[in-house]
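Asker: Questions regarding the structure given below will be posed in turn.
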Amino acid sequence: MPPVPSNPINVKLLLIGNSGVGKSSLLLRFSDEQWLPEDESSATIGVDFRVHKMEVNGKKVKLSIWDTAGQERFRTITSSYYRGAQGIILVYDVSNRESFDALPRWYTELETYVGDGVVKILVGNKVDKEYSRQVPTSEGSAFAAQMSSMFIEASAKTSVGVKETFTRVIERILEQGSAGITDHGRGGVPGGVQVVGLSDGNINQSGTCSC
Ligand code: GDP
């Protein structure tokens, strides 16, 4: 008898951080191997979410990765955005001190909305802009350690560190064995890659679009 294919493990990841740090760009780079040149992308590209299937350490994983799609500009990220997340990718821009200084506020928000068991990685994006760096690597890494987060520097533009960011989060989630236990299937959506509108009105609690 042929082996029964195992069901993929559903994992829900969230991207958060100030507007303009490159959240949508990281997501596009990771899921589509795509980069929109700075002059072609608007201030925020505004991808809402992507579903991405991959294999990590021999396990099939169905990732749904959510992007704030610019909600953070209006400070209207709602608790429903955080619901059921197993991993958080918290992004700042190494060439923008303000985006780094805003991190304590993001961590406070995480304390309110997600449990301690959620895996977190702090990502210093835009390392290709080394010439205008405002946040040293050592400072980013020390802050991440203080906040019990993993740390990486990356560039959505050159791809450096992008795949590793996602892989490290998933590996840690799988190690903790939390995937699919707390949130069976909640993070997934049917079908392949999808982009939907992310307003409170058309997202139901299961993270799918009711439009
Ligand atoms: P978001 O608001 O956090 O989703 O940020 P976006 O992904 O929309 O990116 C904001 C701007 O930063 C856009 O002009 C991007 O082209 C640019 N950007 C994003 N990632 C990088 C990067 O790694 N390097 C450089 N140089 N620019 C980037």
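Asker: Yes or no: region 108-121 includes at least one residue that is buried (at least 20 other Cβ atoms within 10 Å of the Cβ), within 16 Å of the ligand (Cβ to nearest atom) and of a type outside the set (Phe, Trp, Tyr).
Answerer: yes
Asker: Can you name the number of the only condition in (1) within 16 Å of the ligand (Cβ to nearest atom); (2) free of Cβ contacts under 8 Å to residues at least 12 places away in the same chain; (3) not hydroxyl-bearing (Ser, Thr, Tyr) that ALA145 fails?
Answerer: Just one mismatch for ALA145, condition (1).
Asker: In region 152-179, how many are in a helix (DSSP H, G or I) and either within 12 Å of the ligand (Cβ to nearest atom) or in contact (Cβ under 8 Å) with a residue 40 or more places away in the chain (or both)? Give the derivation first.
Answerer: Kept after step one, since they are in a helix (DSSP H, G or I), are these residues of region 152-179: 162-176.
After this cut, where a residue has to be either within 12 Å of the ligand (Cβ to nearest atom) or in contact (Cβ under 8 Å) with a residue 40 or more places away in the chain (or both) as well, the list is 162-163, 165-174, 176.
Residues meeting the conditions: 13.
Asker: Then there's this: Out of all the residues in region 124-151, which are in a loop (DSSP other than H, G, I, E, B) and either acidic (Asp, Glu) or over 14 Å from GLY22 (Cα atoms) (or both)?
Answerer: Within region 124-151, the first condition is being in a loop (DSSP other than H, G, I, E, B), and the residues that meet it are 126, 133-136, 147-149.
Of everything in region 124-151, those that are in a loop (DSSP other than H, G, I, E, B) and either acidic (Asp, Glu) or over 14 Å from GLY22 (Cα atoms) (or both) turn out to be ARG133, GLN134, VAL135, PRO136, MET147, SER148, SER149.
Asker: Being polar (S, T, N, Q) and either over 23 Å from SER64 (Cβ atoms) or in contact with a strand residue (DSSP E or B) (Cβ under 6 Å, 6 or more places away or on another chain) (or both) is the filter here; which residues of region 85-119 pass it?
Answerer: GLN86, SER95, ASN96, SER99, THR108, listed by residue number.
Asker: Could you count how many residues in region 61-106 are charged (D, E, K, R), out of contact with any helix residue (DSSP H, G or I) (no Cβ under 8 Å at 6 or more places or on another chain) and at pLDDT 90 or above?
Answerer: Going through region 61-106 one residue at a time, the tally reaches 5.
Asker: Another question, if that's okay. Of the residues in region 122-136, how many are touching a Phe, Trp or Tyr at 6+ places or on another chain (Cβ under 9 Å), farther than 21 Å from LEU13 by Cα and not aliphatic (A, V, I, L, M)?
Answerer: Residues meeting the conditions: 1.
Asker: Here is a further query. Please work out which residue is nearest to LEU122 (Cα to Cα), limiting yourself to region 6-23 and to residues that are in contact with a helix residue (DSSP H, G or I) (Cβ under 6 Å, 6 or more places away or on another chain) and of a type in the set (S, T, N, Q).
Answerer: ASN18
The values are calculated or read from the model by the stated rules, or taken from the named source; none is laboratory data. All values derive from a computational prediction rather than experimental measurement. Cβ: placed from backbone, ideal geometry, glycine included. Neighbour counts: every protein chain shown.
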